[in-house]
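A short write-up of the structure that comes next.
The values are calculated or read from the model by the stated rules, or taken from the named source; none is laboratory data. Everything quoted here is computed from the prediction, not taken from an experiment. Every residue, glycine among them, receives a Cβ derived from its backbone with ideal geometry; neighbour counts consider all protein chains shown. Just so you know, the surface numbers come from the protein's heavy atoms only, side chains and all, with ligands and any DNA or RNA stripped out. Shrake-Rupley method; radii C 1.70, N 1.55, O 1.52, S 1.80 Å.
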Amino acid sequence: MSQGSPGDWAPLDPTPGPPASPNPFVHELHLSRLQRVKFCLLGALLAPIRVLLAFIVLFLLWPFAWLQVAGLSEEQLQEPITGWRKTVCHNGVLGLSRLLFFLLGFLRIRVRGQRASRLQAPVLVAAPHSTFFDPIVLLPCDLPKVVSRAENLSVPVIGALLRFNQAILVSRHDPASRRRVVEEVRRRATSGGKWPQVLFFPEGTCSNKKALLKFKPGAFIAGVPVQPVLIRYPNSLDTTSWAWRGPGVLKVLWLTASQPCSIVDVEFLPVYHPSPEESRDPTLYANNVQRVMAQALGIPATECEFVGSLPVIVVGRLKVALEPQLWELGKVLRKAGLSAGYVDAGAEPGRSRMISQEEFARQLQLSDPQTVAGAFGYFQQLFAEEQAEGPNRLLYKDGFSTILHLLLGSPHPAATALHAELCQAGSSQGLSLCQFQNFSLHDPLYGKLFSTYLRPPHTSRGTSQTPNASSPGNPTALANGTVQAPKQKGD
């Protein structure tokens, strides 16, 4: 994918309102010529030594992590570890972890506020989650328990550290895993101080620190008091951010290790005690804590989140991908050399017909098997509902959800709810062609998604440019107000 622009989500109407929110999924690092020279020198001299020493310390952590759980049964590990194991291994891992971050350039960890006891706040919620360096927050929190993917147990050293931490593990492949995690979080949070605190990054993924992503409700399901923890990196140059689009892992690691000194601020906010309504509704609880933390950080609280592997924003009742999947299909077809103007000459006027994958490839002059399979599957899903519904041509919820998912990246549950709302105006459980056209072309809000958002990005000299978040074709602009017609640029 092309590198995106980190522009602001500017309000598109002149009426006063909340300030525009920056795009939290994109991070661009702009270096001056002098900074490039400095990073070249320090990257060649300082970074290799720091990274090498940090990896040595990382492997030195393994014996302490292994010793704490060695010889203990799974039943014993269901209770917090105490005694000499806790004293020796906990202090060893804590000291070596601080040394590891020190070697990577984090010379100062400035702590503000007072960390609450496990009785006062069994759960800690940290934000914004912006980088793989964020586990540094575990140090001033005295190594609380964490929630991690079960797959990480197989990663060398990391797996041993998760066992040492007695982390709560969730598996993406086990449907019952999330339910067990919820029960385990509730058991530990309501243990009356028996268990150490549990730390969550409620955003669930990394952003660029310019806005808070939507908080997931997992940390708030137990309905117990939580303490918000703010993480800031007040450095002159942001080398730590690891967003959906931006510098990769190695570049972030290398640039950060090339900095002479990196500073981290960890701030403990007052404990948040939920109301009875918040205790019963984890989503409400999460949203309110998100707003409190955003206000303390001075950044917006957004509805942006990851659904699967796609970053999405809420527009009306829909969750819309920041980049239309239709663009990806267009890129694939253009890469295959396909231009506009190819038609199905074998179809009767006004009617469609089913064709095989081989005929599809022949008519579109596609040769690459992967391109053929991907494009054919796309159109097969898109038009399957039309073939299944017979002469009435009604678009039912499955077909409607599929179209919105393929075009806009909207998850099926949100699209299904919108379909039910649109069908309330009539007696049918499906949408007619006229109703769908009114929705997709004339609706004051959703019509803009089809007429503007799906418009391919403006290109210059054959280079695809993803529009920034303030451009009319971006869903974040749609979420902030009415969309103006895009201005044509001369470049």
Inset, instruction - Residues that are under 21 Å from P270 (Cα atoms): find the strands (runs of 3 or more DSSP E) completely inside segment 162-238 holding 2 or more of those. - result: 198-200, 226-232
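Quick grid of which residues meet (1) out of contact with any Ser or Thr (no Cβ under 6 Å at 6 or more places or on another chain); (2) among the aliphatic types (A, V, I, L, M):
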residue	(1), (2)
R115	yes, no
A121	yes, yes
C141	yes, no
S154	yes, no
A167	no, yes
R178	yes, no
G193	yes, no
P196	yes, no
Legend entry - Positions within segment 41-78 being open to solvent by 70 Å² or more (accessible area, probe 1.4 Å) and more than 30 Å from C261 (Cβ to Cβ), in sequence order: W66, G71, E74, E75, Q76, Q78
Legend entry - Failed item, numbered, when S236 is tested on (1) surrounded by 17 or more Cβ atoms within 10 Å (Cβ to Cβ); (2) within 20 Å of R110 (Cβ to Cβ): (1)
Legend entry - Residue tally, condition in a helix (DSSP H, G or I) and either of a type in the set (S, T, Y) or closer than 20 Å to I231 by Cα (or both), over segment 249-304: 22
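Condition check ((1) at pLDDT 90 or above; (2) under 27 Å from I81 (Cβ atoms); (3) β-branched (V, I, T)) across all residues:
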residue: T190; (1), (2), (3): no, yes, yes
residue: L199; (1), (2), (3): yes, yes, no
residue: K209; (1), (2), (3): yes, no, no
residue: T240; (1), (2), (3): yes, no, yes
Inset, instruction - Scan segment 402-416 for residues that are hydroxyl-bearing (S, T, Y) and surrounded by fewer than 22 Cβ atoms within 10 Å (Cβ to Cβ) and report the count. - result: 2
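Does at least one position in segment 268-275 carry a residue that is out of contact with any Pro (no Cβ under 9 Å at 6 or more places or on another chain) and of a type outside the set (S, T, N, Q)?
Looking for residues that are out of contact with any Pro (no Cβ under 9 Å at 6 or more places or on another chain) and of a type outside the set (S, T, N, Q), one finds none in segment 268-275, hence no.
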Legend entry - Options A116, A121, A160, A127; residue that is in contact (Cβ under 8 Å) with a residue 60 or more places away in the chain, touching a helix residue (DSSP H, G or I) at 6+ places or on another chain (Cβ under 6 Å), over 21 Å from W62 (Cα atoms) and small (G, A, S): A127
Legend entry - Only one of L138, L153 that is within 18 Å of I81 (Cβ to Cβ) and surrounded by fewer than 17 Cβ atoms within 10 Å (Cβ to Cβ): L153
Legend entry - Any hit, segment 174-186, residues being within 21 Å of R118 (Cα to Cα) and of a type in the set (S, T, N, Q): no
Inset, instruction - Show the residue pairs that are 6+ apart or on different chains and have beta-carbon atoms under 8 Å apart, the first residue being within segment 243-265 and in contact (Cβ under 8 Å) with a residue 24 or more places away in the chain, the second being in a helix (DSSP H, G or I) and among the polar types (S, T, N, Q). - result: S262/T256
Inset, instruction - Could you tell me whether segment 203-217 includes any residue that is open to solvent by 60 Å² or more (accessible area, probe 1.4 Å), closer than 19 Å to A127 by Cα, touching a residue at least 24 places away in the same chain (Cβ under 8 Å) and in contact with a helix residue (DSSP H, G or I) (Cβ under 8 Å, 6 or more places away or on another chain)? - result: yes
Legend entry - Complete set of residues in segment 161-173 that are open to solvent by 30 Å² or more (accessible area, probe 1.4 Å) and more than 21 Å from the chain's Cα centre (by Cα): L161, R163
Inset, instruction - State all residues of segment 76-112 that are touching a residue at least 24 places away in the same chain (Cβ under 8 Å), in a helix (DSSP H, G or I) and closer than 15 Å to L143 by Cα; if no residue qualifies, say none. - result: V88, C89, H90, G92, V93, L94, L96, S97, R98, L99, L100, F101
